[in-house]
Every structure is written in C-alpha cells, then in structure tokens.
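What follows is calculated from the coordinates using simple rules that are stated; it is not laboratory data. The model shown is predicted, which means the values in this text are computed figures rather than measured ones. All Cβ positions, even for glycine, are placed from backbone atoms using ideal geometry, and neighbour counts span all protein chains on display.
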Amino acid sequence: MADVINVSVNLEAFSQAISAIQALRSSVSRVFDCLKDGMRNKETLEGREKAFIAHFQDNLHSVNRDLNELERLSNLVGKPSENHPLHNSGLLSLDPVQDKTPLYSQLLQAYKWSNKLQYHAGLASGLLNQQSLKRSANQMGVSAKRRPKAQPTTLVLPPQYVDDVISRIDRMFPEMSIHLSRPNGTSAMLLVTLGKVLKVIVVMRSLFIDRTIVKGYNENVYTEDGKLDIWSKSNYQVFQKVTDHATTALLHYQLPQMPDVVVRSFMTWLRSYIKLFQAPCQRCGKFLQDGLPPTWRDFRTLEAFHDTCRQ
Amino acid sequence: MGVTCVSQMPVAEGKSVQQTVELLTRKLEMLGAEKQGTFCVDCETYHTAASTLGSQGQTGKLMYVMHNSEYPLSCFALFENGPCLIADTNFDVLMVKLKGFFQSAKASKIETRGTRYQYCDFLVKVGTVTMGPSARGISVEVEYGPCVVASDCWSLLLEFLQSFLGSHTPGAPAVFGNRHDAVYGPADTMVQYMELFNKIRKQQQVPVAGIR
Ligand SMILES: [Zn+2]
C-alpha cells in the first residue's frame, strides 16, 4: 500500500514540476522579450527608462519565483532510481519496446557474468596466494642459481639438467629407486619403484610430469618388445585408485616457474604410499572399505584416508 | 601372486561339512564376492624307501608331492620344514621312476576342492578337504593380490578374514614370520596347505554323510 501511495504522490509532484518548468521557461523568455523590445511608447525618456526597469524587475522576480517553486518541487520528487540495484540503468526496464532493444536483459546478464567473474577471480587469487606461500616454504634447500627464471625456457631444459634433478630426488629417498630412460627422444620416462609396494611409470615432458600409471610390485611394466608400457592400467583395483589419485596430485602440485620443486613435491607425496597396506584410515580407523585400503594421501599432511573418508 | 593365508574352518555345530561350506559361501556372496570357477589342491605323501636308509636306525623323512590348480603346469615337492621344489608336472612321472628311493604311502592322498570367489583385490577359495571317500574338514584360502610382503598386509588380511570368519579367524600363518620382508611366493602357499593337511590327517574323522 505504502508503495502505491508513494508512487502516486511522486507522480503528482512530477506533473507539478513539469508545469513549474514550463512556467520558468515562459518567464525566462518574457525576460528576453522585454530586453529585445527595449524602451518605447513613453513620452519622456525618464518615463521610458522607469517603465522599462520596472518591467524588467517584474520579469526577473517571476523567474526567481518560478525557479524557487521548481526547486521546492524537485525536492518532493526525490531520486526515483535510488533504490534500484542498477541505479539509473534500471530505468531501461521501463522501455516498452523490449523486442527491438533487449538492452535491459543483456545488461542484467552482463552484470551477473561480471559478478561471477569477480567471485571466481577472488577464489583463484586465494589459491594462487597459497601456492606462493608453499613456494617460499620449499625454497629452502634448493640451490637458487640452478632454477630457471624465465617461464618459456622450462619447456626446453637441457636433458642433463633433468637428469640432475631426478638423480638428486633419487638420492633423497632411500626406499625409492628411480630409473630414467629416454626411449622416445628427449622426453624422459621414469620407472619409480617404491619399496616392495608399487611401481610407478612417470612420463615427463622436460621437467613437467605428463602422465603417471601406478602398478603393483609384482606386475609387469614392460610391453612385449621390452619398452615401458605407458598405456595399460593395473589389474588391481587398489592401484587403479592410486593412479587416479596420482593424476589428481599432478594437478595439485603446479608451479610453472619451478618444475623441479613440483617433481620433488610429487615424489615426496608418492613416497607416503610405502605404507599403503600398513596404514589404517586416519578417519574411520579401519584398513578396508569396500575391499580397498586407504588409497588417498593428504597433499599436505600425507595422512592416509579412504577415498570416501577424506574431507 | 599376492600374500595368501590358508586356514581351517571348523564344522559348525549340528551341521555337516557341506552345510558349513554353504553358510560360508553365502556370507561371502552377501559381502559382494563373485564366483569365479573352481579350484583344487592335492597332496600325496612319500616315504624314503627302507633300502636307502643307513643302518644306524635313521628314520625316513616324509616328502609331499602337491598340485595346485592355480599353477596347472607345476608340481611342488616339499619336505616338512625343508626346502620346496617347484617343478614341471612331468615330475610325477619322475617319482614313479624313483620308486627305489621314495615310496608312496598307501591311501595318503588328500585334497581340497571348492569354489573361487573374487572380492575386489581379494581371492577367496573355500574348499572341502577329502581323504579317500570321506570329507575331513573345510579349508579357507584368502589371497590379497596387490601385496607381495606378508608382514606388510597381515593386519589388512586379518580385518578381511574377520569380516566373514568371525570368531574362527586364524592367527598369522607360520610362514609369514620366516623371512621379514621377503617376497611371498607360491611355495609359501603350498607349505601352508601341507601343514593344514597334516593337521587334518591327525584330527578325528567326520562321518562320510557329510560330503554331500
Ligand atoms: Zn576410512
């Protein structure tokens, strides 16, 4: 109800304001008419001057009066678009020819889109900030001068550098042995053997990890012609699951400017599978869930969880 | 192959061997295990022939010649506490030729037959152990394929065994303790079956009717 009254009052004020504008216009034009006509039709010069000044004064007074009236009315009218979230652009919705100029709906869509963009950009910047914290934490112990600075060069690192990084990681973890080979030109392939638990085939592109396949310690990792078999998956469900998680880890450990740190983080994470069959789930305390041991390892704490038990 | 645990399931009170086996397999099927064919493990006992023994009253050692349907092309020859030889199936013919040294014990053949079940990465074999015409007991074999070190996955195996054997869950097999982190092999399973068969041989006979 209050809204309806409010609107009717506003409309009345509008029409009054419009007539006030008309009155102001006519009084202003009377001022100029008076100026244009000048002094005439009076016998004496003195009389003419007097009459002209009086006339001019009257006209100015009426301009002043009309202006005051308009100002008073404009306060009554207020700012109609103030409450609208899109401010004045909200008035576009009043346009009756929607079909010809769908400006308003387009505007709303653009607004939503930009809102979403802002939200996602916020999330992304939060995540990127986390990464930068991790980077500075990992910087210790890495010889800074070896690290390539420019981004594009990381794709064309010399094989010798890749060999160095891998052999350093190999020496870091005694229970993990890494065998590097280059069967297809410059790209390296790693066969990582973790204790007597599992084997991992890692396909590299320069120092970036492209693909990993996890298999059992007793499973064959070679094709018939003696090459590393990078396509077939493990026969065991547990290692198929670990393969999925390792692929997730590749997406998690991303730091384009420092690929060696990424490889090292990934291997550190992978190493926690040495207790694949020995660690109970940190959440439910059991070894098995649907016949599978805890196959997930937390990226930060490296704790063991069942796939469905992780937060 | 993975780490395997072979154990004996006692016959349920007031039930026959066959009924107990059915109870057990139904429990496995409820768990979600799927049938996958059959299996058979057999064992024959040989003595050292008297003529080869020395005069100082040595007692002859027992040798067991076993087959496992999981390894159809192999034959296993074991001594109690002794080495295990894995040979081709031709080994049976060789044993006939070695009659002068090893003699087959009369009616010593014992075997277990039953159904294989697959549950996730576990392979479960529930078998009826028979000696001649009589059912003598129930064998339960559980293999966890992905793992090769017995001590690594014993806790995990135990949890699985408990899920369908309940109070009849066995302790860790003796072969698990032998070598700390050695890779588990087929011979370790055969040793467990040999021990199980020896244990069942000494136990009281179950009535023949139980076989059906
Ligand atoms: Zn859990």
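Things worth noting here:
- Calculated FRET efficiency, A:R65 to A:L94, Cβ-Cβ distance, R0 = 45 Å: about 0.85 to the nearest 0.05.
- Given +1 at the Cβ of Lys and Arg, -1 at the Cβ of Asp and Glu and no other charges, the dipole of segment A:157-273 around its Cα centre is 200 debye to the nearest 20.
- Vicinal HN-Hα couplings computed from phi for segment B:130-147 (Karplus, 6.51 cos²θ - 1.76 cosθ + 1.60; Hz; Gly/Pro x): 10, 10, x, x, 10, 7, 10, x, 10, 9, 10, 10, 10, 10, 10, x, x, 9
- Averaging the sequence gap over all C-alpha pairs within less than 8 Å and six or more residues apart, then dividing by the number of residues, gives chain B a relative contact order of 29 percent.
- Whole-number D in µm² s⁻¹ for segment A:157-273, Kirkwood Cα-pair radius fed into Stokes-Einstein, 10 °C, 1.306 mPa s: 111
- Pairs of Cα atoms nearer than 8 Å and 6+ residues apart set the relative contact order; for segment A:157-273 it is 18 percent.
- Unit charges on C-beta of K, R, D, E only; dipole of chain B, Debye: 840
- For A:W296, neighbours were defined as the other residues whose beta-carbon sits under 12 Å from its Cβ, and their charges (Lys and Arg +1, Asp and Glu -1) total 0.
- Remark: the protein assembly as shown carries a charge dipole of roughly 1060 debye about the Cα centre, counting +1 on each Lys and Arg Cβ and -1 on each Asp and Glu Cβ.
- Across segment B:176-182, rounded Karplus estimates of 3J(HN,Hα) from the backbone phi angles (6.51 cos²θ - 1.76 cosθ + 1.60, θ = phi - 60°) give 5, x, 4, 10, 4, 10, 6 Hz, Gly and Pro being marked x.
- Selection from B:T45, A:F299, A:Y273 lying farthest towards where the dipole of the protein assembly as shown points positive, charges on Cβ: B:T45
- Positive contributions from Lys and Arg (+1) and negative ones from Asp and Glu (-1), summed over other residues with Cβ under 11 Å from the Cβ of A:R271, come out at +2.
- Ratio of Rg to Rh over the protein assembly as shown (Cα coordinates, Kirkwood Rh, two decimals): 1.41
- Rounded to two decimals, the Cα-based Rg/Rh of chain B, with Kirkwood Rh, is 0.98.
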